[in-house]
Structure formats: structure tokens, C-alpha cells
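Every number in this text was worked out from the coordinates using simple rules, so none of it is lab data. Everything quoted here is computed from the prediction, not taken from an experiment. Here the Cβ positions follow ideal geometry from the backbone for every residue, glycine too, while neighbour counts run over all protein chains shown.
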Ligand code: MN3
């Protein structure tokens with residue numbers, strides 16, 4: 001099956017539609033997409049669960065439109081933006097490292113494509129827990145787990161207009177939270193936040209408006225119920241080892 005081949009090639013893991021439920025709780029997103037990775041950004045990623053899997057926290061219609069229209073749109077427009085250029089074979093991370101010199105089409109659509117791929121994979125219908133080592137790092141960087149949650153929630157709630165909230169590890173292995181506008185992300189050279197993203201939250205209105213309308217804080221608190229900590233734990237360990 002072609003998809004299976006692609007998955008093993010880019011290391012997205014076992015995310016085919018028919019896999020047993022218990023596998024859905026295992027990390028499905030490979031770090032190779034990131035800063036030092038080789039991910040070319042030329043395949044549309046599988047959604048690792050069904051559209052209704054995150055109900056009631058994120059509703060089915062939002063997921064379907066978000067994934068199949070918004071995300072697919074970024075993907076298609078990114079491919080169009082790099083068509084016929086050297087960037088067709090350049091890993092996404094290397095494109096982002098000099099995105100300030102590239103077109104708005106590459107920046108916005110490449111960012112949209114990458115950010116949503118992180119986002120789908122750092123959510124799951126299955127309960128999981130932050131690892132002991134991640135908890136310890138969060139406590140030492142933020143003072144407490146609650147302070148981290150507050151800071152993350154504030155970053156997400158206070159991003160004016162469209163953008164993303166992040167938990168990021170910087171080059172000194174320190175954790176911090178922040179937000180980026182539009183489809184920017186912490187591995188873009190234009191970003192004020194620089195580092196390896198561990199957790200991403202989409203705060204564009206299209207991510208929550210059908211269910212939550214203008215109540216973005218309710219969507220943000222619902223997000224905590226569907227975080228795939230297995231994935232965040234894995235990214236944390238990988239980022240520590242870079
Ligand atoms: Mn979105």
C-alpha cells in the first residue's frame with residue numbers, strides 16, 4: 001500500500017485508519033520533521049484518529065473542515081509555491097531557517113502545513129500522562145506544573161488575531177511558552193520564539209469557532225483533555241538529545 005510505504009519512509013509510524021485503538025496512544029509523529037530533520041514536506045500527513053475522536057472537546061465538523069480543507073489547502077499551496085524551485089527537495093526545516101528571504105506563499109503555507117502536522121499528532125483521544133522527566137523539567141523551568149499551564153493558556157488566549165501557542169525547548173535546553181502570529185513557528189528565522197517545538201495549539205478561529213464561537217479560553221481549556229503526552233514526551237526526549 002502506497003501510504004504504508006510513505007509512512008515508513010518519513011517515519012510517521014503506524015497511523016493507518018484500521019489500526020487497533022491501543023496503538024493510537026503510541027507516539028505517531030516522528031521528530032525527523034524538525035529542526036535537524038530531513039522531512040521534505042511533500043506528503044499530506046494522515047490524521048491519526050477519526051474526525052469525531054476528540055469529541056466533545058473538539059467537534060467532528062471542525063476537525064473535518066480543519067484537516068481536510070484548511071490543512072489540505074496549506075499543503076497544496078505550499079507545493080504550488082515551491083514548484084520548479086530548489087525547495088522541492090529541501091527539508092522543510094531548512095526552508096524555515098531562511099524563510100525571511102522567501103515568498104509569503106512559502107512562509108504561510110509551509111508554516112501552515114508543518115504546524116498542523118504537529119498539532120494533529122500532539123492530540124489523541126486516548127489518555128496519556130506527561131513523563132516524570134518532562135514534569136521535572138517543567139517544574140524547574142516554570143516553578144510548577146500549574147504555572148506552566150497558566151502561562152501556556154495566557155499565551156494562547158492573548159495571541160491577538162490568528163496564530164499558535166507553543167511549548168518550546170531552546171538551544172540551552174530550557175523550556176518556555178509563547179505564541180507566534182499567523183502560520184509562523186519557532187523554527188522559522190523570522191520568529192521571536194526560537195527552539196524546538198514540543199507542543200502546539202492552533203488558536204485561529206477556524207480551529208474552534210463552530211463549537212466555541214468567541215470563547216477561545218473554553219477551547220484552550222478543552223485542549224488539555226486531548227493532549228497526546230506520549231508524543232510530547234517523545235519530542236522532549238528527542239530535543240534534549242539534539
Ligand atoms: Mn488551523
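Scan 51, 67 and give me the residue that is part of a loop (DSSP other than H, G, I, E, B), within 16 Å of the ligand (Cβ to nearest atom) and touching a helix residue (DSSP H, G or I) at 6+ places or on another chain (Cβ under 8 Å).
Details: 67 fails: part of a loop (DSSP other than H, G, I, E, B).
The conditions single out 51.
Residue 198 fulfils the conditions (1) in a helix (DSSP H, G or I); (2) surrounded by 18 or more Cβ atoms within 10 Å (Cβ to Cβ); (3) away from the ligand (no atom under 16 Å from the Cβ) except for a single criterion, (1). Is at least one residue of the range 111-134 surrounded by 23 or more Cβ atoms within 10 Å (Cβ to Cβ), out of contact with any strand residue (DSSP E or B) (no Cβ under 6 Å at 6 or more places or on another chain) and free of Cβ contacts under 8 Å to residues at least 60 places away in the same chain? Looking for residues that are surrounded by 23 or more Cβ atoms within 10 Å (Cβ to Cβ), out of contact with any strand residue (DSSP E or B) (no Cβ under 6 Å at 6 or more places or on another chain) and free of Cβ contacts under 8 Å to residues at least 60 places away in the same chain, one finds none in the range 111-134, hence no. Report, by residue number, each residue of the range 95-123 that is within 16 Å of the ligand (Cβ to nearest atom) and either closer than 14 Å to residue 181 by Cβ or in contact with a helix residue (DSSP H, G or I) (Cβ under 6 Å, 6 or more places away or on another chain) (or both). Those that are within 16 Å of the ligand (Cβ to nearest atom) and either closer than 14 Å to residue 181 by Cβ or in contact with a helix residue (DSSP H, G or I) (Cβ under 6 Å, 6 or more places away or on another chain) (or both): 107, 108, 109, 110, 111, 112, 113, 114, 115, 116, 121, 122.
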